Amino acid sequence: MGDTLAMVSTADNGRSHRVVLTGGPGGGKTTAADLLRREVGEKIVVVPESATLLFGGGFPRGSGNEARRSAQNAIFHVQRGLEDVYSATYPDRVLLCDRGTVDGAVYWPGTPDQFFETAGTTLQRELGRYDRVLFFETAAVGGISIEGGNPVRTEDQEEAIALDSALRELWSQHPNFTLIRHDGSFLKKIFNALSVLTGVVEDHGNATG
């Protein structure tokens, strides 16, 4: 994969500790982000998903390859900007990012390498933006309908499973990757994620306290 991923200490580079919450469509990550924020409190802050902000705010969503490339390029740069703004605004909090800059590579009409080349970066550099990855497996793998959760979601069950697999292939290369598997009980998924996130927050507090 070219250069080796080196995790940079947040104390050294002056940015907030970042945890990305990602996974295939219908994994429950956006709902989980809100519940985790409520449970953990002001020690974390949720960075919203850039795609939802753009598409929900009237950004055109064309079906052709050029339109898809333009949209994913915009999403990538907005996501970066959001994370950097939140990092500067909340330097002492853990950022819980609803998706991350790597996600666009699987929505790009081409290969992941082409996506990162167009964005002027690499997979390893983008993985290095985050200190931890919580991957919520899509409920579609369990045959559960993913309709109705997000008004800007367009994927069907098969597409959700395919995207979930492609996303996991990329994100699992992060050294601090945790897979939160689909469960018939969404509360169990939340509990598993909360256990990991609580440990991250405690470690961050000990490191900066």
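Values computed for the structure shown
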item	result
Residue pairs meeting the criteria (Cβ under 6 Å; at least 6 apart or on separate chains; first farther than 11 Å from SER50 by Cβ, in the stretch 61-79; second surrounded by 18 or more Cβ atoms within 10 Å (Cβ to Cβ))	ARG61/PHE55
Residue selected from the stretch 170-209 under the condition polar (S, T, N, Q) and touching a helix residue (DSSP H, G or I) at 6+ places or on another chain (Cβ under 8 Å), by the criterion surrounded by the fewest Cβ atoms within 10 Å (Cβ to Cβ)	THR208
Flag for ALA162 being modelled with pLDDT under 95 and surrounded by 22 or more Cβ atoms within 10 Å (Cβ to Cβ)	no
GLY57 free of Cβ contacts under 8 Å to residues at least 12 places away in the same chain, out of contact with any Gly (no Cβ under 7 Å at 6 or more places or on another chain), surrounded by fewer than 22 Cβ atoms within 10 Å (Cβ to Cβ) and closer than 19 Å to ARG18 by Cβ	no
Any chance GLY27 is closer than 19 Å to ASN176 by Cβ, under 15 Å from the mean Cα position of the chain (by Cα), buried (at least 16 other Cβ atoms within 10 Å of the Cβ) and at pLDDT below 90	yes
Leading residue by the ranking (surrounded by the fewest Cβ atoms within 10 Å (Cβ to Cβ)) among those in the stretch 64-99 that are in contact with a Leu (Cβ under 9 Å, 6 or more places away or on another chain) and assigned to a helix (DSSP H, G or I)	ALA74
Set VAL102, VAL106: member being among the β-branched types (Val, Ile, Thr), at negative phi and assigned to a helix (DSSP H, G or I)	VAL106
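Residue-wise test of (1) touching a strand residue (DSSP E or B) at 6+ places or on another chain (Cβ under 8 Å); (2) among the hydrophobic types (A, V, I, L, M, F, W, C); (3) closer than 29 Å to GLU39 by Cβ.
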{"residue": "HIS77", "(1), (2), (3)": "no, no, no"}
{"residue": "GLY81", "(1), (2), (3)": "no, no, yes"}
{"residue": "PRO109", "(1), (2), (3)": "no, no, no"}
{"residue": "PRO112", "(1), (2), (3)": "no, no, no"}
{"residue": "LEU123", "(1), (2), (3)": "no, yes, no"}
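The values are calculated or read from the model by the stated rules, or taken from the named source; none is laboratory data. Since this is a predicted model, take the numbers as computed values, not measurements. Counting neighbours? That spans all protein chains shown, and the Cβs are built from the backbone with ideal geometry, glycine included.
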